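No value in this document is a laboratory result; all are computed from the given coordinates. None of these values were measured; they are calculated from a predicted model. Because the Cβ atoms are built from the backbone with ideal geometry, glycine has one as well, and the counts that use them run over all protein chains shown.
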Amino acid sequence: MPDADFHFYEPGKGHGLPHDPLNAIVAPRPIGWVSTVSPDGVRNLAPYSFFMLFNYRPPIIGFSSMGWKDSVANVQATGEFVWNLATRAQAEAMNASSASVAPEIDEFALAGLDALPSTLVRPNRVAGSPVQFECRLTQLVRLETKEGAALDQWLVLGEAIGVHIDRAMLEDGIYQTARPHPILRGGGPADYFEIGEDALFKMPRPR
């Protein structure tokens, strides 16, 4: 079999393609749909495609922000945020909440979303989202280059201290990943993916 014909590039020198392929390669990615509240009580809601679960016990999740945005500022000030699972049913509302607006704008209202009170933290949960994690800040990290130069990129890590799950997503007590039809971020300016049952395959770990 002949060797593959690779396109090679050094990111620091440019990719030489019509669109940066990086976020299309590391994809699809879960969406960090993060709700926060300012010290003055202004609600904020924004999606982040740099998002992941990093630890089981205690559960640590994190999102990374390109620039010092309202979400990061609110988390730094209050130490709290909520992650809301984004689904196909709320995809358009999630997208609407990504608009760049002034800090005094309430994205719940902007996106036409109802809110639910949280149990342990101040930020509201997104009504209609089937899963929400109430989180307390554990670390706020400014990312750096390999030379140690500071980037305008901020990694927010938080411990989930309260988890809400719509019981309809459980079967015999086991959460069904595909049942709420979660959406994930792909590459390009507008690509998303929906997870459904047809994407499932099982592969037990070797003993």
>> With the crude spin-label approximation of a point 7 Å out along Cα→Cβ, what separation in nm comes out for Ala102 versus Asp40?
In response: 1.0
> Looking at the range 42-71, which chymotrypsin sites (Phe, Trp or Tyr not before Pro) are DSSP coil and have at most 16 other C-beta atoms within 10 Å of their C-beta?
Replying inline: Tyr56, Trp68
>> With +1 assigned to the C-beta of every Lys and Arg and -1 to the C-beta of every Asp and Glu, and no other charges, what is the dipole magnitude of the chain about the Cα centre in debye, to the nearest 20?
In response: 600
>> Placing +1 on the Cβ of each Lys and Arg and -1 on the Cβ of each Asp and Glu in the chain, which of Gly16, Leu120, Ser38 has its Cα farthest towards the positive end of the resulting dipole?
In response: Leu120
> Hey, what did the range 101-207 get for relative contact order, percent, Cα under 8 Å, at least 6 apart?
Replying inline: 16
>> Averaging over every viewing direction, what projected area does the convex hull of the Cα atoms of the chain cover, in nm²?
In response: 15.9
>> Below 8 Å between Cα atoms, with a sequence gap of 6+, how large is the relative contact order for the chain in percent?
In response: 23
> Arranged by the count of other C-beta atoms within 10 angstrom, fewest first, what order do Tyr9, Tyr192 take?
Replying inline: Tyr9, Tyr192
> Efficiency by 1/(1 + (r/R0)^6): what FRET value for His15 and Phe193, r their Cβ-Cβ distance, R0 = 22 Å, to the nearest 0.05?
Replying inline: 0.50
>> Please compute the length gained on full extension between Glu147 and Val26, using 0.36 nm multiplied by the number of residues separating them and subtracting their Cα-Cα distance.
In response: 41.2 nm
> Quick one: Glu107, Glu10, fewest Cβ neighbours within 10 Å first, how do they rank?
Replying inline: Glu10, Glu107
> Using the Cβ atoms and a cut-off under 13 Å, what net charge is assigned to the surroundings of Asn95, where Lys and Arg are +1 and Asp and Glu are -1?
Replying inline: -1
>> Place a point 7 Å from the Cα of Ala4 along the Cα-to-Cβ direction; which residues of the range 165-204 have their backbone N under 19 Å from it?
In response: 187-188
> Sorting Met203, Met52, Met94 on the 10 Å Cβ count, fewest up front, what's the list?
Replying inline: Met203, Met52, Met94
>> Under the 0.36 nm per residue contour assumption, what length would be gained going from the current alpha-carbon distance of Arg205 and Arg136 to full extension?
In response: 21.6 nm
> Within a Cβ distance under 10 Å of Trp154, other residues only, what is the Lys/Arg minus Asp/Glu net charge?
Replying inline: +1
> Leu200: net charge of surrounding residues, Cβ under 14 Å, Lys/Arg +1, Asp/Glu -1, itself excluded?
Replying inline: -2
> Tell me, what is the percent relative contact order of the range 1-70, built from C-alpha pairs under 8 Å that lie six or more residues apart?
Replying inline: 19
> From Cα coordinates alone, what are the radius of gyration and Dmax values for the range 1-65 in angstrom?
Replying inline: 18.2, 64
